[in-house]
1. Give me the 1.4 Å probe accessible area per residue for the range 4-265, excluding ligands and nucleic acids, in Å².
2. Please list the helices of the chain that count as membrane-span-like by this rule: a mean Kyte-Doolittle hydropathy of at least 0.0 together with Cα atoms stretching 30 Å or more along the helix axis, each helix being a complete DSSP H run.
3. Test of understanding: what is the full-extension gain from Ser162 to Gln219, defined as 0.36 nm times their sequence separation minus their Cα-Cα distance?
4. Rounded to the nearest Å, what's the spacing between the alpha carbon centres of the range 79-114 and the range 162-183? Just the number, please.
5. Of the heavy-atom accessible surface of the range 1-144 (probe 1.4 angstrom), what whole percent is carbon and sulfur?
6. What is the extension gain from Met248 to Asn72, computed as 0.36 nm multiplied by their sequence separation minus the C-alpha to C-alpha distance, in nm to one decimal?
7. Can you give me the distance in nm between label points at Asp25 and Leu51, each placed 7 Å from the Cα along the Cα-to-Cβ direction?
8. Can you pull the Rg over Rh of the chain, Cα-only, Kirkwood?
Amino acid sequence: MVNFTATLSALITANHILHYHEVVDAYGHVLVRNPNNDSTFFMSGYLAPALVSSMEDLIEYYVEDASPVDPNAGRGYSERNIHGEILKRFPSVNSVIHSHSENVLPYTISGVSLQLTYHMAGFLGEEVPVFDIAQYYNASDRHDMLVRNTRLGAALASYFSSSSDNLSATDLEPEHTLVLMRSHGFATIGTDIELAVYRAIYAHSNARVQTGAIALASQANSDGQPGAGGLGQVRYLSTRERTDSRAMNEGTRNRPWRMWVREVETYPGGLYQNALGTPPT
Ligand SMILES: [Zn+2]
C-alpha cells in the first residue's frame with residue numbers, strides 16, 4: 001500500500017511549488033488520485049494554492065462526477081470536472097494541474113502555436129492542442145470559460161487523446177501531455193504529482209522562451225540579420241530531439257522536485273505551511 005500521508009503531503013507541497021513558480025496565483029489547482037482507491041481523488045477546497053496547509057484543506061471527490069465523497073464537505077473549486085473527466089478517460093494519469101499561466105495564455109488566443117523551444121520541455125511533443133470551450137457550450141451553460149460540468153470536462157479530456165471526436169472513449173495512454181484552453185490557460189497531466197508539476201513549470205517556462213525568441217526574430221527581420229533558423233525564423237526542436245528530450249525529462253525530473261520542495265519549505269515568512277511534513281524526495 002502506498003504511503004497515503006506522503007502522497008497528500010506531496011499534494012500540499014505541489015500547491016506551494018506551483019505558486020512559488022507563478023504557475024498558479026489565487027486560482028489554478030492540482031490534484032492527485034487516491035493511491036489506495038482509483039475511483040476518488042484529492043484536491044484542495046476553495047482556497048488559494050499558497051494557503052493549502054493540512055488535511056482539513058483537502059477534499060476527496062469521486063472520479064465519476066467530481067462530487068464530494070463527504071456530502072458535507074465544504075465549498076470546492078467549480079472546475080473540478082476538468083480533473084474528474086481526465087482521470088476517468090486515462091487510467092494511467094494520477095495527477096492533473098490546471099493553470100492560468102500568463103506566459104502560456106497568448107498561445108491560446110493568438111493563432112501562434114505553442115512549440116517546443118528547448119530541451120527541458122520535450123514532453124510538449126509535436127503538437128499542443130487548443131481546446132475551445134465555445135464549441136461545446138449549451139445555451140444553458142454559463143459562458144464564463146469555466147469547465148463547470150462533466151460534459152465540458154469530457155470535451156476537454158478528449159483533447160489529450162488522438163480521438164478527440166469521441167467524448168466517451170477510454171484511452172490507456174494519452175496522446176498529449178498538455179492542452180491549451182482558449183482565453184483561459186492550460187491543463188497538464190502526469191503519472192504522479194512530480195511529473196505533472198515538472199510539466200506545468202516547464203510549459204510556463206517554454207512559453208516565455210518562445211515569446212522572447214519570436215520577439216527577437218522579428219527584430220532580426222527588421223535589422224536584416226538572420227536568426228538561427230534563417231532570417232526572422234525561430235528554430236524549434238526536430239522530431240527526434242523532441243522524443244529524446246522527453247525521455248531525458250522523465251529520467252531527471254526528481255532533481256528539480258527535490259530543489260522545489262526545499263525552496264518552499266525554507267521560504268521566509270512562513271507563507272507555505274505543510275502540516276503533513278516534508279514529502280518524499
Ligand atoms: Zn480555470
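The values are calculated or read from the model by the stated rules, or taken from the named source; none is laboratory data. If you're wondering where the values come from, they're calculated on a predicted model, not measured in any experiment. Here Cβ is always computed from backbone atoms with ideal geometry, including for glycine, and neighbour counts include all displayed protein chains. Side chains are part of the model used for accessible areas, which takes the heavy atoms of the whole protein and leaves out ligands, DNA and RNA. Shrake-Rupley method; radii C 1.70, N 1.55, O 1.52, S 1.80 Å.
1. Averaged over the residues of the range 4-265, the accessible area is 44 Å².
2. Helix filter hits for the chain: 193-223.
3. Using 0.36 nm per residue and subtracting the Cα-Cα distance, I get 16.8 nm.
4. 10 Å
5. Roughly 50 percent of what the probe reaches on the range 1-144 is carbon or sulfur.
6. Full extension from Met248 to Asn72 adds 58.9 nm.
7. Taking the two extended label points, one gets 1.6 nm.
8. Taking Rg over the Kirkwood Rh, I get 0.98.
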